[in-house]
Amino acid sequence: MGASATTRCNNLINESGSNLNKVLAFRDINPQAPTHILIIPKVKDGLTGLSKVEVTAHQAEERHVEIPGYLLYVAKVVAKQEGLEDGYRVVINDGPSGCQSVYHIHVHLLGGRQMNWPLG
């Protein structure tokens, strides 16, 4: 994660007038869409994924219930700031078969073009 990308998105979040200081948001270094932003909670409380996929991973528990909802809320705020009024996709990859490559909980916000379905 580059410092300039992190600073840019944090400034966008702060300019919204919302208190979104619980997350980091930055542009993906390997974007899969014209707009591809990662949103990561600053405090994960041990949460690395939704299910336990490796010995060191911690699956979602009831104490983590607020984290995903907050990430989705921030995705909505950032999408609006990025001009994605026509729609966008929010993705959480979980485990090896779900293409999770970074083992901490985060969401991908993708937009800026027509998204296709079904996914492969």
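What follows is calculated from the coordinates using simple rules that are stated; it is not laboratory data. Small disclaimer: the values here were computed from a predicted structure and weren't measured. Every residue, glycine as well, gets a Cβ built from its backbone with ideal geometry; the counts of neighbours run over all protein chains shown.
Remarks
- In this label model, Asn21 and Ile92 are separated by 2.5 nm, measuring between points 7 Å along each Cα→Cβ vector.
- A straight chain from Lys42 to Met115 at 0.36 nm per residue would run longer than the Cα-Cα distance by 23.4 nm.
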